[in-house]
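This report refers to the structure that appears directly beneath it.
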Amino acid sequence: MNRITLLGATGSIGASTLDVIARHPERFSLFAATAGRSVDALVSLCIRFQPRFAVVADEQRLGSLRDGLRAAGLPTIARAGEAALAEVACAPECDTVVAAIVGAAGLVSTIAAARAGKRVLLANKESIVSAGRLLVDAVRAGGGELLPVDSEHSAIHQCLAGAQVAGRDVRRLILTASGGPFRTRGNLDGITPEQACAHPNWVMGRKISVDSATLMNKGLEVIEASWLFGFDAGRIDVVVHPQSVIHSMVEFVDGSVVAQLGTPDMRTPIAYALAYPERIDSGSATIDFARLGTLSFEAPDLQRFRCLALAYEALAGGTGRTATLNAANEVAVEAFLGGRLQFADIPSIIEQTLGAVDADEPASIEAVLEIDARARRAAARCVDRHAVAILNPAG
Ligand code: NAD
Ligand code: MG
């Protein structure tokens with residue numbers, strides 16, 4: 001029995017993971033489930049999956065979590081706070097940790113799982129973007145393994161199977177991008193959060209949906225691929241593929257290109273990582289190629305979607321830069337979703353923050369957290385200045 005800690009159980013990846021787990025009760029059981037604030041959703045899934053622990057990150061909600069579990073007659077133990085998230089991620093009774101918290105808020109618990117030698121299934125791309133080599137080193141030191149959940153990285157993992165990755169076999173990695181909801185829209189002014197979150201192919205959390213609309217999601221994924229597979233930026237390309245059927249590709253030195261295809265359903269990469277190296281049913285649908293008809297490709301527009309170019313630049317500058325990029329993006333996206341920033345101004349906030357924050361290569365997770373905090377303060381000041389500039393256009 002593979003006992004799973006699901007960090008971010010109430011989110012979109014959390015729900016897809018639970019769906020796969022429920023299909024294989026003889027294989028998987030839930031050891032712990034965590035949420036940021038949504039206690040009701042956490043209690044509901046505890047009723048269904050009966051984990052040993054339920055953790056809410058927001059300590060103010062411990063009482064209501066306890067009450068909810070008691071009212072449901074469950075023996076599940078309630079915990080709260082970031083330390084409790086890390087505790088259930090490295091508990092000896094757990095084998096696999098699914099890291100599906102959104103944002104750098106998932107960093108500490110992901111690192112804890114890695115250090116404890118767990119099989120870590122990484123959805124939380126912000127943690128590898130912020131910590132870079134430190135996360136890879138923690139996995140190595142812990143003696144566990146890191147498997148991607150992100151569909152592009154799962155595709156690359158599948159395409160690489162057995163190849164000499166960082167060695168001579170591979171010419172380049174090719175990440176596909178849907179292009180997001182504004183791929184064909186010339187003007188990015190006046191976009192609302194609802195429009196930005198209406199992704200053409202995937203239903204996801206709001207933060208990653210906005211990232212997909214700005215193409216920052218692909219930028220974060222280029223950085224993620226660089227650390228997961230050991231490639232520098234010059235050997236990771238991005239191509240826009242609006243149908244999201246090819247999830248990514250690997251080009252080998254002999255000219256062969258291997259691609260992984262599937263319907264856009266996160267249960268496929270989740271099932272792949274949960275059962276690796278075996279294959280299990282994920283519940284996803286079969287592709288009907290005849291109905292699909294066409295697969296098309298185009299170059300990403302780096303002028304209109306500057307976030308992707310900023311991510312490549314940050315990757316070349318090191319982990320101090322990618323941690324800053326990530327924090328600034330989180331602040332900008334939150335401001336946009338909160339109605340305090342225009343969609344089109346998200347890249348400027350990130351660029352200004354990168355200009356204002358001088359961060360060395362972090363040597364520890366504490367150093368990453370310090371850079372993250374500093375970058376958030378700088379980005380928040382940039383957002384405030386933008387708001388003032390909009391109120392007083394003449395000044
Ligand atoms: P979501 O917003 O639907 O869910 C986020 C989860 O994290 C929820 O359980 C929430 O309660 C929890 N959370 C939020 N803030 C927290 C905090 N401060 N502390 C602890 N927990 C907190 O997000 P999602 O779409 O499921 O994405 C999760 C991660 O997976 C992100 O890093 C995203 O980039 C990545 N990812 C998602 C998809 C997808 O299809 N949704 C695909 C690839 C990668
Ligand atoms: Mg992805």
Residue selected from region 1-19 under the condition part of a helix (DSSP H, G or I) and surrounded by fewer than 24 Cβ atoms within 10 Å (Cβ to Cβ), by the criterion nearest to ligand 2 (Cβ to nearest atom): Ser12
Near pairs, Cβ below 7 angstrom, 6+ apart or cross-chain, from region 206-229 (modelled with pLDDT of 95 or more) to any residue that is near ligand 2 (Cβ under 9 Å from one of its atoms) and basic (Lys, Arg): Leu220/Lys125; Glu221/Lys125; Glu224/Lys125
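Each row is one residue, and each column tells you yes or no for (1) closer than 16 Å to Leu220 by Cα; (2) under 22 Å from the mean Cα position of the chain (by Cα).
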site: Glu278; (1), (2): no, no
site: Phe289; (1), (2): no, no
site: Leu302; (1), (2): yes, yes
site: Ala316; (1), (2): yes, yes
site: Thr319; (1), (2): yes, yes
site: Glu334; (1), (2): no, yes
site: Gln342; (1), (2): no, no
site: Val368; (1), (2): no, yes
site: Arg376; (1), (2): no, yes
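Working only within region 271-307, note down all residues that are more than 26 Å from Ala213 (Cα to Cα) and in contact (Cβ under 8 Å) with a residue 24 or more places away in the chain. Step through it out loud before you land on a result.
Kept after step one, since they are more than 26 Å from Ala213 (Cα to Cα), are these residues of region 271-307: 271-283, 286, 288-291.
Passing the criteria: Ala271, Tyr272, Ala273, Leu274, Ala275, Tyr276, Ile280, Asp281, Ser282, Gly283.
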Region 106-138: number of residues that are farther than 19 Å from Ala275 by Cβ, assigned to a helix (DSSP H, G or I) and touching a residue at least 12 places away in the same chain (Cβ under 8 Å): 21
So Val240, is it away from ligand 1 (no atom under 16 Å from the Cβ) and either closer than 24 Å to Val333 by Cβ or in contact with a His (Cβ under 6 Å, 6 or more places away or on another chain) (or both): yes
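Yes/no matrix, rows are residues, columns are (1) at pLDDT 95 or above; (2) within 16 Å of ligand 2 (Cβ to nearest atom); (3) surrounded by fewer than 24 Cβ atoms within 10 Å (Cβ to Cβ):
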{"residue": "Val102", "(1), (2), (3)": "yes, yes, yes"}
{"residue": "Gly117", "(1), (2), (3)": "yes, no, yes"}
{"residue": "Val136", "(1), (2), (3)": "yes, no, yes"}
{"residue": "His153", "(1), (2), (3)": "yes, yes, no"}
Condition met for Val56 (within 21 Å of the chain's Cα centre (by Cα) and within 26 Å of Arg267 (Cβ to Cβ)): yes
Residue selected from region 226-240 under the condition more than 12 Å from ligand 2 (Cβ to nearest atom) and closer than 16 Å to Ser296 by Cβ, by the criterion surrounded by the most Cβ atoms within 10 Å (Cβ to Cβ): Val240
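Identify, from the list Ile223, Ile208, Ile246, the residue that is surrounded by fewer than 24 Cβ atoms within 10 Å (Cβ to Cβ) and either more than 30 Å from Phe289 (Cα to Cα) or β-branched (Val, Ile, Thr) (or both).
Numbers: Ile223 fails: surrounded by fewer than 24 Cβ atoms within 10 Å (Cβ to Cβ); Ile208 fails: surrounded by fewer than 24 Cβ atoms within 10 Å (Cβ to Cβ).
Selected residue: Ile246, the only one of Ile223, Ile208, Ile246 that is surrounded by fewer than 24 Cβ atoms within 10 Å (Cβ to Cβ) and either more than 30 Å from Phe289 (Cα to Cα) or β-branched (Val, Ile, Thr) (or both).
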Matching residues in region 186-200 - criterion: being of a type outside the set (A, V, I, L, M, F, W, C), surrounded by fewer than 18 Cβ atoms within 10 Å (Cβ to Cβ) and at pLDDT below 95: Gly186, Asn187, Pro200
Hey, Ala91 over 27 Å from Glu361 (Cα atoms) and at pLDDT 95 or above or not: yes
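Any chance you could count how many residues in region 90-111 are over 17 Å from the mean Cα position of the chain (by Cα) and of a type in the set (Gly, Ala, Ser)? Write out each step before concluding.
Going through region 90-111, the residues over 17 Å from the mean Cα position of the chain (by Cα) turn out to be 90-96.
Checking the rest, the ones that are also of a type in the set (Gly, Ala, Ser) come to 91.
Qualifying residue count, region 90-111: 1.
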Restricting region 258-303 to residues that are surrounded by fewer than 13 Cβ atoms within 10 Å (Cβ to Cβ) and of a type in the set (Lys, Arg), the residue that is farthest from Leu7 (Cα to Cα): Arg291
Cross-chain or 6+ apart pairs with Cβ under 8 Å, region 380-395 first and assigned to a helix (DSSP H, G or I), then at pLDDT 80 or above and of a type in the set (Asp, Glu): His386/Asp345
Residues (of a type outside the set (Phe, Trp, Tyr), more than 11 Å from ligand 1 (Cβ to nearest atom) and outside any loop (DSSP other than H, G, I, E, B)) located in region 194-231: Glu194, Gln195, Ala196, Ala213, Thr214, Lys218, Gly219, Val222, Ile223, Ala225, Ser226, Leu228
Test: residue in region 171-179 that is under 30 Å from Ala363 (Cα atoms), under 16 Å from the mean Cα position of the chain (by Cα) and in contact (Cβ under 8 Å) with a residue 24 or more places away in the chain: yes
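Can you go through Val55, Val43, Val39, Val97 and tell me which one is farther than 29 Å from Asn326 by Cα and among the aliphatic types (A, V, I, L, M)?
On the way: Val55 fails: farther than 29 Å from Asn326 by Cα; Val39 fails: farther than 29 Å from Asn326 by Cα; Val97 fails: farther than 29 Å from Asn326 by Cα.
Step by step, each of Val55, Val43, Val39, Val97 is checked, and only Val43 is farther than 29 Å from Asn326 by Cα and among the aliphatic types (A, V, I, L, M).
Find the residue count for region 351-379, including only residues that are of a type in the set (A, V, I, L, M, F, W, C) and in a loop (DSSP other than H, G, I, E, B).
Going through region 351-379 one residue at a time, the tally reaches 3.
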Selection from region 20-35 of residues that are buried (at least 19 other Cβ atoms within 10 Å of the Cβ) and either in contact (Cβ under 8 Å) with a residue 40 or more places away in the chain or more than 8 Å from ligand 1 (Cβ to nearest atom) (or both): Val20, Ile21, Phe28, Leu30, Phe31, Ala32, Ala33, Thr34
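Scan region 139-174 for residues that are assigned to a helix (DSSP H, G or I) and touching a strand residue (DSSP E or B) at 6+ places or on another chain (Cβ under 8 Å) and report the count.
Keep residues of region 139-174 that are assigned to a helix (DSSP H, G or I), which gives 139-142, 151-160.
With the extra rule that they be touching a strand residue (DSSP E or B) at 6+ places or on another chain (Cβ under 8 Å), the set shrinks to 139, 151-160.
So the count comes out to 11.
The values are calculated or read from the model by the stated rules, or taken from the named source; none is laboratory data. None of these values were measured; they are calculated from a predicted model. For neighbour counting, all protein chains shown are included, and Cβ atoms are generated from backbone atoms with ideal geometry for every residue, glycine included.
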